[in-house]
Amino acid sequence: MSVFDILILLAVAAVAVTLFYGLYTLYRGGDLARSRSNKIMRLRVLLQAVAVVLLLIGFWWKSTHGA
């Protein structure tokens, strides 16, 4: 496994954990949960962007350097 493979797996796992934590917070309800879940979902979007960028870099790296 290359470094990109590990980073991509970690990024996808972080997105999944953040998604499920955000859904759990929404499920709990209340004003604090609503505010917190909004912040968590924004973090999830940021983590998804990082994962997509890592995927693109990984694809580029493997296409130019062979693997």
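The values are calculated or read from the model by the stated rules, or taken from the named source; none is laboratory data. These figures come from a predicted structure and were not determined experimentally. Positions of Cβ are generated from backbone atoms using ideal geometry, with glycine treated the same way; all protein chains shown enter the neighbour counts. Heavy atoms of the whole protein, side chains included, go into the accessibility calculation; ligands, DNA and RNA do not. Shrake-Rupley method; radii C 1.70, N 1.55, O 1.52, S 1.80 Å.
Residues in the range 16-32 carry Karplus couplings, in order, of 5, 4, 5, 4, 5, 5, x, 5, 4, 5, 4, 5, 5, x, x, 5, 4 Hz; the curve used is 6.51 cos²θ - 1.76 cosθ + 1.60 with θ = phi - 60°, and Gly or Pro positions show x.
Where in the range 1-37 is the amide nitrogen less than 19 Å from a point lying 7 Å along the Cα-to-Cβ axis of H65? Once the point is set 7 Å along Cα→Cβ of H65, 1-11 turn out to lie under 19 Å by backbone N, inside the range 1-37.
For the range 1-40, the normalised intensity computed at q = 0.19, 0.21 Å⁻¹ comes to -0.56, -0.61 (log10 of I(q)/I(0), Debye sum over alpha carbons, equal scatterers, no solvent). In a simple Cβ point-charge model (Lys, Arg +1; Asp, Glu -1; nothing else charged), the chain has a dipole of about 280 debye relative to its Cα centre.
Just the protein heavy atoms count here, and of the accessible area of the chain at 1.4 Å, carbon and sulfur take up 73 percent.
Protein heavy-atom accessible surface, 1.4 Å probe, per residue over the range 4-67: 74 Å².
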